[in-house]
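What follows is a short report on a single structure.
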Amino acid sequence: MTRERVLSGMRSSGKPHLGNLLGALKNWVQLQETYDCFYFIADWHSLTTGYADTSQVRESVREIAIDYLSAGLDPDKSVLFIQSLVPEHAELHLLLSMMQELQDLDLATYGFLGYPLLQTADIIMYKANWVPVGLDQVAHIELSREVVRRFHHLYNVQIFPEPQPKLTEVPKLPGLDGRKMSKSYDNTIYLSDSPEVLTHKVKTMMTDPARQRRRDPGNPEVCPVFDFHRIYSTAAERQELAQGCRTAGIGCIDCKGVLIRNMLTDLQPLHEKRAYYAAHPQDAMDVLVAGSVQARTVAQETMAEVREAIHI
Ligand code: SF4
């Protein structure tokens, strides 16, 4: 029996950070056990916004390749590939664009206009049943389903499953300054940060602003450090730290010390693999290139069916 398929990817518009690990990669690693997974690096998609300065795209692809493997994506279980190495995605995007109807749109570039359709091509190329996404992406998957229905209706075929969003519970991890973790706020911990850099970032992280001095009691509920404890520390540790914070029994330095220790333990396997791939980036790229050849075999089969349906 063949397994259902999952497809997901990341735009190559920078280096992955802890939010990406918790919000996507950890989930993808688990999905590998149950589904046939295709995970890609969306380098074409990064041009939707980053077309004017492409100087970092290749570097970003390399970094993501390293982080994919370091986080536990396994080429023996999943197909890991780079979008631009499977040019069939562009062909399918073009073919889908021919049948797409437009309403009044206020878009700056053709790339933006075509982005949801390119995303649809990425998904249905592999006949994915599931797409792990956040709530903000559900509308895009709905559009993919509409495109599939329209394609089937127009050409009187049944080639693609209608992809469904796979919503996942994502633990809340704020940025170092308490806002959303985002590279545009410069408040991130990158997966590529060494234990020393991570330690420094946590040590200088924002705390409860009311806790100016060591003797001031604090409130863990308004402290981003405590949000990190919710992910990386045990319930018993949290209880003790919260109590110590509220009574000024411990200082923020102690509190952060526990967090740093727990984070480094949790991230140790990732850091070890990352150290290897950072020293041997070509090994990571070789895995992705081999995966792209594998993906292309599937893509070519799909395109043969699509061309047949469209009679070209
Ligand atoms: S003791 Fe911990 S939870 Fe309390 S304010 Fe300091 S860092 Fe935040």
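Considering only residues that are at pLDDT below 95, part of a loop (DSSP other than H, G, I, E, B) and either buried (at least 21 other Cβ atoms within 10 Å of the Cβ) or in contact with a helix residue (DSSP H, G or I) (Cβ under 9 Å, 6 or more places away or on another chain) (or both), which ones fall in segment 31-70?
Result: Y51, T54, Q56.
Could you please let me know if E91 is more than 21 Å from P132 (Cβ to Cβ), part of a helix (DSSP H, G or I) and out of contact with any His (no Cβ under 6 Å at 6 or more places or on another chain)?
Criteria met by E91.
Evaluate segment 277-293: report whether one residue or more is more than 9 Å from the ligand (Cβ to nearest atom), among the charged types (D, E, K, R) and touching a residue at least 40 places away in the same chain (Cβ under 8 Å).
No, segment 277-293 contains no residue that is more than 9 Å from the ligand (Cβ to nearest atom), among the charged types (D, E, K, R) and touching a residue at least 40 places away in the same chain (Cβ under 8 Å).
Quick check on segment 249-261: of everything there that is more than 8 Å from the ligand (Cβ to nearest atom) and more than 13 Å from M205 (Cα to Cα), which residue is most open to solvent (accessible area, probe 1.4 Å)?
Checked segment 249-261; the qualifying residue most open to solvent (accessible area, probe 1.4 Å) is R261.
Working only within segment 229-248, note down all residues that are near the ligand (Cβ under 9 Å from one of its atoms) and of a type outside the set (A, V, I, L, M).
Listed by number, the residues that qualify are H229, G244, C245, R246.
Taking only pairs six or more apart or across chains, which ones have beta-carbon atoms under 7 Å, a first residue in segment 230-256 that is of a type in the set (S, T, N, Q), and a second residue that is surrounded by 18 or more Cβ atoms within 10 Å (Cβ to Cβ)?
S233/V258; S233/L259
Name every residue in segment 181-205 that is free of Cβ contacts under 8 Å to residues at least 40 places away in the same chain and in contact with a helix residue (DSSP H, G or I) (Cβ under 8 Å, 6 or more places away or on another chain), in order of residue number.
D193
Would you confirm whether any residue within segment 212-224 is in a helix (DSSP H, G or I), in contact (Cβ under 8 Å) with a residue 40 or more places away in the chain, more than 9 Å from the ligand (Cβ to nearest atom) and within 26 Å of the chain's Cα centre (by Cα)?
no
Which residues, taken from segment 183-212, are at pLDDT below 90 and among the hydroxyl-bearing types (S, T, Y)?
S184, the sole residue that qualifies.
Whether any residue in segment 176-198 is open to solvent by 70 Å² or more (accessible area, probe 1.4 Å) and either of a type in the set (A, V, I, L, M, F, W, C) or within 13 Å of the ligand (Cβ to nearest atom) (or both) is what I want to check.
Among the residues of segment 176-198, not one is open to solvent by 70 Å² or more (accessible area, probe 1.4 Å) and either of a type in the set (A, V, I, L, M, F, W, C) or within 13 Å of the ligand (Cβ to nearest atom) (or both), which makes the answer no.
Going by the conditions given, is I231 open to solvent by 80 Å² or more (accessible area, probe 1.4 Å) and of a type in the set (A, V, I, L, M, F, W, C)?
So I231 does not fit the description; no.
Given the options A278, A236, A210, name the one that is surrounded by fewer than 19 Cβ atoms within 10 Å (Cβ to Cβ) and in contact with a Ser or Thr (Cβ under 8 Å, 6 or more places away or on another chain).
That would be A278, the only listed residue that is surrounded by fewer than 19 Cβ atoms within 10 Å (Cβ to Cβ) and in contact with a Ser or Thr (Cβ under 8 Å, 6 or more places away or on another chain).
Quickly run through segment 107-128 and pick out the residues that are modelled with pLDDT of 95 or more and open to solvent by 40 Å² or more (accessible area, probe 1.4 Å).
Listed by number, the list holds a single entry, K127.
Does L270 meet the test of being more than 9 Å from the ligand (Cβ to nearest atom), under 25 Å from the mean Cα position of the chain (by Cα) and assigned to a helix (DSSP H, G or I)?
Yes.
Quick one: how many residues across segment 206-241 are in contact with a Gly (Cβ under 9 Å, 6 or more places away or on another chain) and among the aliphatic types (A, V, I, L, M)?
Of the residues in segment 206-241, 3 are in contact with a Gly (Cβ under 9 Å, 6 or more places away or on another chain) and among the aliphatic types (A, V, I, L, M).
So T109 ticks every box in (1) in contact (Cβ under 8 Å) with a residue 12 or more places away in the chain; (2) under 22 Å from the mean Cα position of the chain (by Cα) but one. Which box is left unticked?
Unmet condition: (2).
Hey, among the residues in segment 71-88 that are in a helix (DSSP H, G or I) and closer than 23 Å to G19 by Cβ, which one's least open to solvent (accessible area, probe 1.4 Å)?
The selected residue is Q83.
The values are calculated or read from the model by the stated rules, or taken from the named source; none is laboratory data. All figures in this text were calculated on a predicted structure; none of them were measured in a lab. So basically every Cβ, Gly included, is an ideal-geometry build from the backbone, and we count neighbours across all protein chains shown. Just so you know, the surface numbers come from the protein's heavy atoms only, side chains and all, with ligands and any DNA or RNA stripped out. Shrake-Rupley method; radii C 1.70, N 1.55, O 1.52, S 1.80 Å.
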